[in-house]
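The values are calculated or read from the model by the stated rules, or taken from the named source; none is laboratory data. Since we're looking at a predicted model, the values are computed, not measured. For neighbour counting, all protein chains shown are included, and Cβ atoms are generated from backbone atoms with ideal geometry for every residue, glycine included. Accessible surface areas use protein heavy atoms only, side chains included; no ligands, DNA or RNA. Shrake-Rupley method; radii C 1.70, N 1.55, O 1.52, S 1.80 Å.
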Amino acid sequence: MFLTLEGPEGSGKSTQCKLLAEHLTSLGHNVLLTREPGGTEISQQVRQIIMDMKNKSMFPATEFLLFSSARAQLVREKIRPHLNAGGIVICDRYFDSSVAYQGYGHGLPLDSIRAITAFATDNLIPDLTLLLDIDPERGLRRRRSNNEEWNRLDDYELAFHRRVRDGFFELVKAAPERWRVINADKNVEELQEEIRGIVEKQIKAGK
Ligand code: TYD
């Protein structure tokens, strides 16, 4: 099963991914936890370029192609082989982030994003995607107060982050069978309980 988690900044995705991976591993599943951009040595190097605060002059098109190249490597080097071996893959962000951030956030043409994404991922679509939803203002405040790393993308204006959130909802509307929307404005344990419930149900359903 290929599971992805998406959401605006500060939704607590990374913590939730980690807890979920530990839980599913303890149940005996063979779990690969990975993240975007990153997850392989090459993708991690691309991540540095994308996030670097000194790269303020990067164009959205460049940004999107870098995300796509990091993704192409991750799919081929890690995700596909793990799925082929019968394992569960949990990915902290995937191509839906490109549609939401580079498409709805920056206004890049969605049809180009879709075409390049299909090529980059070799048409690999998640079985299930959880949207951990939070108001962007609240999410960014959470991120600042947790002293998390502040990167070039966090620095985009609030209106950008609002468009990103709306973009995620457009994606949910377009493919509701793949998505579950979860209100992430609750404590870590409660949120994890809700996520486990959804994922375990999906595993039982044999997806
Ligand atoms: P990261 O530090 O991993 O943050 P988060 O915990 O929010 O996932 O930073 C990833 C950033 O990159 C985040 O701002 C979302 C953005 N992003 C895109 O803009 N497009 C993409 O395709 C991906 C995967 C991420």
Exercise for review: Would you tally the residues in region 167-207 being among the small types (G, A, S), outside any helix (DSSP H, G or I) and within 20 Å of S98 (Cβ to Cβ)?
Suggested key: 1
Exercise for review: Please go through region 109-142 and pick out each residue that is among the acidic types (D, E), at pLDDT 95 or above and in a helix (DSSP H, G or I).
Suggested key: D111
Review point. Restricting attention to region 101-115, does a residue exist that is over 25 Å from R152 (Cβ atoms), among the hydrophobic types (A, V, I, L, M, F, W, C), surrounded by 15 or more Cβ atoms within 10 Å (Cβ to Cβ) and within 15 Å of the ligand (Cβ to nearest atom)?
Key: no
**Study point:** Of residues in region 2-25 being over 24 Å from L153 (Cα atoms) and open to solvent by 30 Å² or more (accessible area, probe 1.4 Å), the one farthest from the ligand (Cβ to nearest atom)
**Key:** T25
Practice item. Mind listing whichever residues of region 31-71 are hydrophobic (A, V, I, L, M, F, W, C), crowded, with 18+ Cβ neighbours inside 10 Å and more than 10 Å from the ligand (Cβ to nearest atom)? Key: V31, L32, L33, V46
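Can you work out which of the residues in region 116-145 that are open to solvent by less than 40 Å² (accessible area, probe 1.4 Å) and among the charged types (D, E, K, R) is farthest from the ligand (Cβ to nearest atom)?
Going through the qualifying residues, I end up with D133.
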Check your understanding: Going by the conditions given, is G139 touching a residue at least 12 places away in the same chain (Cβ under 8 Å) and farther than 17 Å from G12 by Cβ?
Key -> no
Exercise for review: For Y156, indicate whether it is farther than 21 Å from K186 by Cβ, surrounded by 15 or more Cβ atoms within 10 Å (Cβ to Cβ), among the hydroxyl-bearing types (S, T, Y) and modelled with pLDDT under 95.
Suggested key: yes
Study note, to complete from the structure: Restricted to region 72-84 and to residues being crowded, with 19+ Cβ neighbours inside 10 Å and touching a strand residue (DSSP E or B) at 6+ places or on another chain (Cβ under 7 Å), the residue farthest from F119 (Cα to Cα) is I79
Check your understanding: Of the residues in region 164-207, how many are open to solvent by 80 Å² or more (accessible area, probe 1.4 Å) and modelled with pLDDT under 95?
Key -> 2
**Study point:** Verdict on G87 being touching a residue at least 24 places away in the same chain (Cβ under 8 Å), under 30 Å from L191 (Cβ atoms), more than 12 Å from the ligand (Cβ to nearest atom) and of a type in the set (G, A, S)
**Key:** yes
Exercise for review: Could you grab the pairs with beta carbons closer than 8 Å, sequence gap of 6+ or different chains, first residue in region 171-189 and more than 19 Å from L19 (Cβ to Cβ), second one of a type in the set (S, T, N, Q) and buried (at least 17 other Cβ atoms within 10 Å of the Cβ)?
Suggested key: R178/T129; W179/T129
Review point. Is one or more of the residues making up region 89-96 more than 20 Å from L128 (Cα to Cα) and either within 18 Å of the chain's Cα centre (by Cα) or open to solvent by less than 20 Å² (accessible area, probe 1.4 Å) (or both)?
Key: no
Review point. Considering only region 57-80, how many residues are in contact (Cβ under 8 Å) with a residue 60 or more places away in the chain and closer than 19 Å to V164 by Cα?
Key: 1
